[in-house]
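S.K.: The structure that follows is given in the form of C-alpha cells.
The values are calculated or read from the model by the stated rules, or taken from the named source; none is laboratory data. What you see is a predicted model; the values in this text were computed from it and never measured. Here the Cβ positions follow ideal geometry from the backbone for every residue, glycine too, while neighbour counts run over all protein chains shown. Surface areas here come from the heavy atoms of the whole protein model, side chains and all, with no ligands, DNA or RNA. Shrake-Rupley method; radii C 1.70, N 1.55, O 1.52, S 1.80 Å.
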Amino acid sequence: MKTLDAQPFSFKFDLKSTALIMIDMQRDFIEPGGFGEMLGNDVSLLRSAIAPCKAVLDAARRSGLLVIHTREGHRPDLADLHPAKRTRGGKTFIGTDGPMGRILVRGEKGHDFIPELYPIEGEPILDKPGKGAFYETDLHLILEANGIRSLILCGVTTEVCVNTTAREANDRGYEVLVVEDAVASYFPEFHRVALEMIRAQGAIVGWVARSAAVSSALAG
Ligand code: TIU
C-alpha cells in the first residue's frame with residue numbers, strides 16, 4: 001500500500017488496483033476556436049493544468065498504472081446527442097463548423113487530445129457522450145476487468161466533467177482522488193468550491209491532493 005498526503009486525510013492506494021483517468025484534455029476545451037470558447041469562456045484559464053497533468057501522467061506511466069483517456073464528443077450524425085444538450089442555453093454549437101472542424105464531433109481536430117498529453121500505445125481511449133465518464137460507456141467494465149478500486153482524476157473542467165465523473169465513481173464504490181492543480185475550470189471560483197465539495201464531510205465524494213504529492217507517492 002502507498003500513502004499520499006491528501007485532504008481531508010491521507011489517501012491509501014495500491015499501484016495494482018489504481019488507474020489514472022485523464023478527463024477530456026481535448027482541443028475543443030483548451031484551445032481557441034473550440035466548444036469552450038464558443039460557450040463564451042476564456043480557454044487560456046485551462047492551460048495551468050497541462051504541466052501538472054503531464055507530471056502525473058509521466059509518473060503513472062513509469063509506475064505501470066492503467067492510464068485511461070476520455071474524450072467528450074458525438075457521432076458525426078449526432079444520433080447520440082440529446083435535444084436537451086444540443087439546445088441548452090438556446091444556442092446550437094455541437095456539430096457546427098469551427099476553425100478546428102465540427103464542434104465536439106468525433107474524428108474532428110477539435111475533438112482530439114492536445115498534443116502535450118497525447119495517449120501512447122496501450123492506453124485505452126474512452127469516447128463519452130455525456131459529462132460523466134461512466135454514462136453510456138464501458139468504463140466500469142474496463143475498471144472491473146483490470147481489478148481497479150482507486151482512481152486518480154486529472155483533466156477538465158473541475159466542476160463539470162471531473163466532478164460528475166468523481167461522483168459517478170464514488171457511488172460505484174471507487175476511492176477517488178482528484179489532483180487539484182491538474183484540473184482546471186473557466187471559473188476560478190467554481191474550481192475552488194468544486195474541490196471543497198469533494199473533500200468535505202470526511203471525503204464525501206473523495207480526496208484532493210497536489211500533483212507533486214501524487215507523483216512522489218507513485219515514484220516512492
Ligand atoms: N463547459 C464545461 O465546463 N465543460 C464541459 O462542457 N465539458 C467538460 O467539462 N469536459
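S.K.: Which one of the conditions (1) hydrophobic (A, V, I, L, M, F, W, C); (2) open to solvent by less than 10 Å² (accessible area, probe 1.4 Å); (3) within 12 Å of Thr70 (Cβ to Cβ) does Ala182 fail to meet, given that it meets all the rest?
M.R.: Ala182 satisfies all of (1) hydrophobic (A, V, I, L, M, F, W, C); (2) open to solvent by less than 10 Å² (accessible area, probe 1.4 Å); (3) within 12 Å of Thr70 (Cβ to Cβ) except (3).
S.K.: Next question, about the same structure. Six or more apart or on different chains, Cβ atoms under 6 Å: show the pairs whose first residue is in the stretch 133-156 and on the phi < 0 side of the Ramachandran plot and whose second is open to solvent by 10 Å² or more (accessible area, probe 1.4 Å) and within 16 Å of the ligand (Cβ to nearest atom).
M.R.: Phe134/Glu168; His140/Phe134; Val156/Phe29
S.K.: Let me ask something additional. Of all residues in the stretch 5-43 being assigned to a loop (DSSP other than H, G, I, E, B), within 12 Å of the ligand (Cβ to nearest atom) and of a type in the set (A, V, I, L, M), which is least open to solvent (accessible area, probe 1.4 Å)?
M.R.: Once the filter is applied, the top-ranked residue is Met25.
S.K.: Write out, first by first residue and then by second, each pair whose Cβ atoms fall under 9 Å of each other, whose residues are 6+ apart or on separate chains, and whose first residue, in the stretch 183-199, is among the β-branched types (Val, Ile, Thr) while the second is open to solvent by 30 Å² or more (accessible area, probe 1.4 Å) and within 14 Å of the ligand (Cβ to nearest atom).
M.R.: Final answer for the pair search is Val183/His191; Val193/Glu159; Ile198/Arg167.
This table checks each residue for (1) within 15 Å of the ligand (Cβ to nearest atom); (2) on the phi < 0 side of the Ramachandran plot.
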| residue | (1), (2) |
| --- | --- |
| His82 | yes, yes |
| Gly89 | yes, no |
| Ile103 | yes, yes |
| Glu116 | no, yes |
| Glu121 | no, yes |
| Pro129 | yes, yes |
| Thr164 | yes, yes |
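S.K.: A follow-up question, please. Against the condition of a type outside the set (S, T, N, Q), in contact with a helix residue (DSSP H, G or I) (Cβ under 8 Å, 6 or more places away or on another chain) and farther than 19 Å from Phe35 by Cα, how does Val156 come out, does it pass? Can you show your working first?
M.R.: On the way: of a type outside the set (S, T, N, Q): yes; in contact with a helix residue (DSSP H, G or I) (Cβ under 8 Å, 6 or more places away or on another chain): yes; farther than 19 Å from Phe35 by Cα: no.
So Val156 does not fit the description; no.
S.K.: What number of residues within the stretch 165-174 satisfy the criterion of being closer than 16 Å to Ile68 by Cβ and either open to solvent by 40 Å² or more (accessible area, probe 1.4 Å) or in contact with a Cys (Cβ under 8 Å, 6 or more places away or on another chain) (or both)? Give the derivation first.
M.R.: Of the residues in the stretch 165-174, the ones closer than 16 Å to Ile68 by Cβ are 165-166, 168-169, 172, 174.
Adding the requirement that they be either open to solvent by 40 Å² or more (accessible area, probe 1.4 Å) or in contact with a Cys (Cβ under 8 Å, 6 or more places away or on another chain) (or both) leaves 172.
The total comes to 1.
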